[in-house]
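Okay, so here's the structure we're looking at.
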Amino acid sequence: MDNRPIGFLDSGVGGLTVVRELMRQLPHEEVVYIGDSARAPYGPRPAEQIRDYTWQLVNFLLTKDVKMIVIACNTATAVVWEEVKAKLDIPVLGVILPGASAAIKSTTGGKIGVIGTPMTVQSDIYRQKIEALSPEMEVQSLACPKFVPLVESNELQSSLTKKVVYETLHPLAGKVDTLVLGCTHYPLLRPIIQNMMGPSVKLIDSGAECVRDISVLLNYFEINRSRDKHELNHRFYTTANAKRFAEIAENWLNLKVNVEHVTL
Ligand code: DGL
């Protein structure tokens with residue numbers, strides 16, 4: 001047993017999609033979350049800067065005495081997961097491998113689309129991981145740089161968002177049977193994305209898939225939180241406006257949350 005919290009990091013509110021799934025699958029676990037909304041989006045930034053920012057978030061979580069870190073951001077996972085994992089002596093999970101495996105499992109015709117930030121798509125990591133596991137898959141990737149700013153400003157249903165999603169995803173329409181939401185912000189736009197791609201396209205939420213891995217590691221290292229400890233004190237931190245973060249978090253998690261502003 002280990003009653004310490006699990007640490008989650010993201011460039012902003014996107015990692016909340018992973019937290020929601022954690023709360024559904026592992027409701028006894030406690031969460032510490034840091035979102036760097038003041039500097040989001042990370043996706044168009046150079047790799048070196050994403051690396052620096054991610055390390056700042058990791059170091060922040062370490063001050064909160066977490067038992068595990070989840071890099072709940074595809075962009076940061078693409079750039080720095082291997083390095084963080086190698087340096088820390090607690091388990092560190094990323095969201096890309098779980099998303100890649102789930103896409104292989106789900107596809108019926110071997111045609112997989114991947115949408116993500118410019119850095120995630122440029123890194124080509126999804127294609128590499130998918131083809132390494134299953135070489136006959138055909139992977140088409142598409143960067144969607146306009147999606148994260150819309151989610152960060154809580155524009156989840158607006159007509160502008162619908163227009164942007166439709167225009168951006170147009171090149172993939174009718175070309176894939178499975179689409180990996182390769183950015184943890186994108187599940188917040190899921191209904192619009194599904195509508196654009198059509199009901200037969202299976203959407204893969206990379207963050208949600210990673211919760212199964214969290215569960216496996218908690219069991220493997222025997223670091224589950226005790227079920228007798230009922231008092232959960234989830235803590236959320238943002239580098240931007242706490243009220244705006246709380247608005248998005250409360251809607252998404254359907255829960256009253258404590259959000260504190262921090263400067264890194
Ligand atoms: N949620 C991050 C991801 O999964 C978004 C990165 C960004 O801020 O551009 O890639």
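The values are calculated or read from the model by the stated rules, or taken from the named source; none is laboratory data. The structure displayed is predicted, hence computed values, not measured ones. A quick note on method: Cβ atoms are made from the backbone with ideal geometry, for glycine too, and the neighbour counts reach across all protein chains shown. Surface areas here come from the heavy atoms of the whole protein model, side chains and all, with no ligands, DNA or RNA. Shrake-Rupley method; radii C 1.70, N 1.55, O 1.52, S 1.80 Å.
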In square nanometres and to one decimal, what's the mean projected area of the convex hull around the Cα atoms of segment 182-264? 8.2
Could you tell me the distance between the Cα centroids of segment 232-252 and segment 152-177, to the nearest Å? 25
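Which sequence of Glu138, Glu222 reflects their accessible areas, 1.4 Å probe, from the largest down?
Details: Glu138 90, Glu222 135 Å².
Accessible-area ranking of Glu138, Glu222, largest first: Glu222, Glu138.
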Per residue, what volume in Å³ does the convex hull of the Cα atoms of the chain enclose? 118
Answer in debye to the nearest 20: the dipole magnitude of segment 1-60 about its Cα centre, from +1 Lys/Arg and -1 Asp/Glu charges placed on Cβ, is 140
At a probe radius of 1.4 Å, what is the per-residue accessible area of Phe221, in Å² to the nearest 10? 100
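Roughly speaking, to the nearest percent, how much of segment 1-96's 1.4 Å accessible area is carbon and sulfur? Write out the running numbers ahead of the final one.
Numbers: 1560 of 3190 Å².
The C+S portion of the solvent-accessible surface of segment 1-96 is 49 percent.
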Translational diffusion coefficient of segment 113-159 at 10 °C, 1.306 mPa s, Stokes-Einstein with Kirkwood Rh over Cα pairs, in µm²/s as a whole number. 132
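On alpha carbon coordinates alone, what is the Rg over Rh value for segment 1-114, Rh being the Kirkwood radius? Spell out each step's value before the answer.
Numbers: Rg = 14.6 Å, Rh = 14.8 Å.
Looking at segment 1-114, the ratio lands at 0.98.
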Hey, if we sort His230, His28, His185 by accessible area with the 1.4 Å probe, largest down, what's the order? His230, His28, His185
Which whole-Hz couplings ³J(HN,Hα) result when phi for each residue of segment 29-43 is put into the Karplus expression 6.51 cos²θ - 1.76 cosθ + 1.60, θ = phi - 60°, listed in order with x for Gly and Pro? 7, 9, 10, 10, 10, 10, x, 9, 4, 4, 10, 6, x, 7, x
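Could you compute the net charge surrounding Leu264? Neighbours are other residues with a C-beta less than 12 Å from the C-beta of Leu264; K and R count +1, D and E count -1.
Surrounding charge for Leu264 is -1.
Using 0.36 nm per residue, how much length does the chain from Asn251 to Gln128 gain when fully extended, once their Cα-Cα distance is taken away?
Details: separation 123, 0.36 × 123 = 44.28 nm, distance 3.53 nm.
Stretched out fully, the Asn251 to Gln128 stretch lengthens by 40.7 nm.
Using the Kirkwood radius built from alpha carbon pairs, what does the Stokes-Einstein equation give as D for segment 121-264 at 20 °C and 1.002 mPa s, in µm² per second? The partial results should precede the final answer.
Working: Rh = 17.9 Å.
So the translational diffusion coefficient is about 120 µm²/s.
Given contacts defined as C-alpha pairs under 8 Å and at least six residues apart, what's the relative contact order of segment 105-264, whole-number percent? Present the calculation step by step, with values, prior to reporting the outcome.
Numbers: 187 pairs, mean separation 32.3, N = 160.
In percent, rounded to a whole number, it is 20.
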What is the gain in length, in nm to one decimal, between Thr108 and Asn3 on full extension, counting 0.36 nm per residue of separation less the C-alpha to C-alpha distance? 33.7 nm
Per residue, how large is the accessible surface of the chain? Use a 1.4 angstrom probe and give square angstrom. 44
Residue-level accessible surface for Arg20, protein heavy atoms, 1.4 Å, Å²: 110
Could you give log10 I(q)/I(0) at q = 0.21 Å⁻¹ for segment 85-202, computed by the Debye formula over C-alpha point scatterers of equal weight, without solvent? -1.17
What is the magnitude of the charge dipole of the chain about its Cα centre, with +1 placed on the Cβ of each Lys and Arg, -1 on the Cβ of each Asp and Glu, and no other charges, expressed in debye to the nearest 20? 440
So how far apart, in nm, are the two label points at Thr63 and Asp177 if each is 7 Å from Cα heading toward Cβ? 5.0
Note down the magnitude of the dipole of segment 1-150 about its Cα centre, charges +1 on Lys and Arg C-beta and -1 on Asp and Glu C-beta and zero elsewhere, to the nearest 20 debye. 260
DSSP beta bridge pairing in segment 39-144, given as percent antiparallel to the nearest 5: 0
In degrees rounded to 10, the 0-90 angle between helix 16-25 Cα long axis and the longest Cα principal axis of the chain is 70
What is the percent carbon and sulfur in the accessible area of segment 116-264, measuring with a 1.4 Å probe over the protein chains and ignoring ligands? 50
Using a 1.4 angstrom probe on the protein heavy atoms only, could you order Ser101, Ser159 from most to least accessible area? Ser159, Ser101
Can you give me the C-alpha center-to-center distance between segment 42-76 and segment 186-231, rounded to a whole angstrom? 19
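Let a ≥ b ≥ c be the square roots of the eigenvalues of the Cα gyration tensor of segment 85-146; is it rounded (a/c under 1.5), or, if not, prolate (a/b larger than b/c) or oblate?
Working: a/c = 2.31, a/b = 1.35, b/c = 1.72.
Since a/c reaches 1.5 but b/c is at least a/b, the shape of segment 85-146 is classed as oblate.
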